[in-house]
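Take a look at the structure set out below.
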Amino acid sequence: MRVALVDNLLLERRGDLFHFDTQPHLGLISLLSVIRAEGHHGTLLDPKLSLRRGSVALDAFMYEAFATEILHTQPDVVGFTSLGCNFIATARIAGHLKRVRPELPILLGGPHASILDVPILTRYPQFDVIVRGEAELTLGPVLERIRDHRPLDVAGVTYRNADGIQRTCDGPLVSDLDALPSPDYSAYPIQELNLPVLRVEAGRGCPFSCTFCSTATFFGRRYRLHSAERLCAELDRLHAAYGQTHFSLTHDLFTVNKAKVHEFCEAVDGRGYTWSCSARMDCVDPALLAHMAKAGCRSIYYGIETGSRRMQSVVSKKLDLDLFWPTLEHTREVGIEATTSFITGYPQETLADQSDTLDLIGEQWRRTPAGVVIQLHLLTPEPGTALLTQYRSELAWDGHISDFNLPALEHDDDAAMRADPEVFVNHHYYRGELPRRRNVLVTAMHPVLYRLGMPVQRHLLARYPGFSLAAFFAELADWRDREAYELAPGAELLVRYATAAWGAGDHLTSMIRYMLAATAPELQLATSRFAPMPQAEAALDDACLALSPRVALLAGVHDCPAILRLLTEAERPELVTVPEQFRNPAENFVLVPAPGQRLRTISLSPDAVRLLDLLSAPTGRRELADALGVAADDRAGFESILDSFVSAGILENAPAPAFPLARGSFRLAAPGVRLSHPTPLATSGSKETHPR
């Protein structure tokens, strides 16, 4: 049979843009190996790849367009996996498939469907069969029965027949992961993507019982790891096939069995690989961390979840926060970068609890200026959790799109999700002790603050009693409520707050503007090698120019590069006093991001800025000169100025403009381009995030 397995449409929100992480889905490539070994023809399809390649666009027609791509593979069966945060995409794509080919069997799997199998089949007729839990032992027999038109008498299956919804007993867990065939990475375009890191499954299962997490519900509480021999063989195979040397070992709690981790470290040491993993802080110790570092571990993701001792007990995370600073220090001492991840928005969380979390984050800014990445996420209700069982009656809807929830694309997506809180529970929230507005503000502004870089973050904290991040958010929230601003949380809100709190002439206001401009998602996307490829590039015209998407104009700021160097070089930037000579508002600047997390800053004359303002849209050189009233005798000099901007990377060739410019006047003057030395941004790099 021709089987098309379809990955999630998983997007991560970054400012006003959405980022998609292209990695092979470990569950699907494992299933591909299983069904190919049984004689089926398997294909892996990923809507994120289609977005990246430009064959589909993230718009109202995307679901239908991607369904068409699936049909082009001429499948006999289509199998989807889905998370709750993007189930609307899965349901819509499957709906378009069923409309075109009503007879096509459509299967669904993954955590969300496994827990909500009956409600999904009851309300969404585009799905025919749900394969629950770990499907490696189930999918083959299901395909065999579909091919032979036999009853689906297979454990771990929910399906619809003439008598209604049928649900068989649960299927078995895969007790010996090593018995599974190696995942089929060849089904994914690894070489095309030139991925800097490759994910590898290390194990499954979680023995803990956090009330907000559904991992144990899907994978079971039985903790399982691949053997050291099998895991190393997998890394060797991927290195031989793709030259890969850096791997992300995927398991929520890699270090629960310390003896097995020591075995892996002994086996992998000396192979030249580097790797990352996830762990609880109470499941590592100094000896294990040292062994892991020696064996190539370069980063660990620690799910802390809350900085409140009370909430650690309430949500059954039960992490001893006395371990936090010693474990973080031990991790950094052996040369491993740590990611600490927090969640806010629990229904039982008070202002004091949230303040404990915020102040633990702020204290990390001060005490660990390097070697740590800090995340703060908004709690997402998850099916199959104790928290949902207790607070189901407190679910509410406001349409907010958090870190990983897919935005509405088709016209009635919002209405469909709002009307079905059981299936689309991830798009709802719990009413609780704190106002939803407060929780959204805190989590939406955290990544904006992160863009400032730790030296500026620490300098910012000096404005608040006790260097308290919670005090900053208290003032920000009070100011927004007092001024009745309806502006959504984001960079503009922070700039307005800084201007209101300290004035436009304050050097910290300038630094906030400067760092936010330099780290704008649009600039990061333009300079990223993972930027989506356009469907059809318009032909460039040597006679037409436009402002490069890799630059940003910024006017009337202080000497921000000098201030940034001063803060970066200071041992305690929160205590730095900025010299007067850096405090005078400077000329206009163009910020030019460059490779390696570095920044070029170019100061410009007012005439040069006016010229660049006109080039925000593609414009012909001759039309530009005419519009500015450049005399014929000055044309050569004017062309020289334009060429200098092209050489500096400020302007670039562009397609011919659709409309001419209005005519004006322009005094030709040397723009006085001065290129500063590259300035380090002093920000941590982008890290893999773990939706909770």
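The values are calculated or read from the model by the stated rules, or taken from the named source; none is laboratory data. Because the structure is predicted, anything quoted here is derived from the model rather than measured. In this analysis, Cβ positions are derived from the backbone assuming ideal geometry, glycine residues included, and neighbour counts consider all displayed protein chains. To get the accessible areas, we keep the full protein, side chains included, count just its heavy atoms, and leave off ligands, DNA and RNA. Shrake-Rupley method; radii C 1.70, N 1.55, O 1.52, S 1.80 Å.
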- In Å, the Kirkwood hydrodynamic radius of the stretch 150-263 over pairs of distinct alpha carbons? 16.8
- In the chain, lysine pairs with alpha-carbon atoms under 20 angstrom apart (chain gap of 8 or more, or interchain): 5
- Item | Förster radius 41 Å - calculated FRET efficiency between Thr68 and Trp502 (Cβ-Cβ, nearest 0.05) | 0.15
- Item | Sequence-separation-based contact order of the stretch 217-340, relative, with Cα cut under 8 Å and 6+ spacing, percent | 23
- Query: Residues with amide H under 5 Å of Gly171's amide H, sequence separation 5 or more or different chain, H placed in the peptide plane at 1.01 Å from N; which?
  - Reply: Gly156
- Query: Pairing the Cα long axis of helix 228-242 with the longest principal axis of the chain, what angle in degrees results, from 0 to 90 and rounded to the nearest 10?
  - Reply: 50
- Nearest 0.05, what FRET efficiency do Asp412 and Ala632 give at R0 = 45 Å with Cβ-Cβ as r? 0.15
- Message: Could you tell me how many cubic angstrom of Cα convex hull volume the stretch 316-406 has per residue?
- Response: 139
- Message: What number do you get for the chain when its Cα radius of gyration is normalised by 2.2 N^0.38 Å, N = residues?
- Response: 1.03
- Working from the pairwise distances between different alpha carbons, so that the mean of 1/r is found and then inverted, what is the stretch 247-313's Kirkwood radius in Å? 12.6
- Selection from Ser182, Gly270, Tyr430, by position along the positive dipole direction of the chain (Cβ): Gly270
- Message: What number comes out for accessible area per residue over the chain if the probe is 1.4 Å? Units Å², please.
- Response: 41
- Query: Any idea what angle helix 635-647 forms with the longest principal axis of the chain, computed on alpha-carbon atoms, 0 to 90 degrees, nearest 10?
  - Reply: 40
- Given Cα pairs under 8 Å that are at least 6 residues apart, what percent is the relative contact order of the stretch 28-111? 26
- Isolated cysteines for the chain, Cβ-Cβ cutoff 4.7 Å, are Cys85, Cys169, Cys206, Cys232, Cys265, Cys277, Cys283, Cys297, Cys544, Cys560
- Query: Where does the stretch 72-179 land on Rg(C-alpha)/(2.2 N^0.38 Å)?
  - Reply: 1.03
- Query: If you count, for each residue, the other Cβ atoms within 10 Å and average over each peptide, how do 29-35, 305-311, 603-609 line up from highest to lowest?
  - Reply: 29-35, 305-311, 603-609
- Using the per-residue mean of other Cβ atoms lying within 10 Å as a proxy for protection, in what order, highest first, do the peptides 615-625, 290-300, 637-647 fall? 290-300, 615-625, 637-647
- Message: Rounded to the nearest angstrom and ordered from largest down, what semi-axes does the equivalent ellipsoid of the stretch 1-154 get from its C-alpha gyration tensor (root of 5λ)?
- Response: 25, 16, 16
- Query: How much length is gained on full extension from Thr389 to Asp21, taking 0.36 nm per residue of separation minus their Cα-Cα distance?
  - Reply: 129.3 nm
- Task: On a C-alpha basis, how far is the centre of the stretch 434-474 from the centre of the stretch 135-180 in Å? Whole number, if you could?
- Result: 49
- Task: Express in whole angstrom the spacing between the alpha-carbon centres of the stretch 37-79 and the stretch 210-259.
- Result: 28
- Taking only Cα atoms of the stretch 197-245, the Rg to Rh ratio with Kirkwood Rh works out at 1.14
- Message: Angle check, please: helix 26-37 long axis (alpha carbons) against the longest principal axis of the chain (alpha carbons), in degrees 0 to 90, nearest 10.
- Response: 50
- Taking Rh as the Kirkwood radius, which is the inverse of the mean 1/r over Cα pairs, what is the Rg/Rh value for the stretch 240-371? 1.02
- Task: Run the accessible area of the stretch 60-145 with a 1.4 Å probe and give the carbon-and-sulfur part as a rounded percent.
- Result: 60
- Would you give the gap between the C-alpha center of the stretch 348-389 and the C-alpha center of the stretch 397-425, rounded to a whole Å? 24
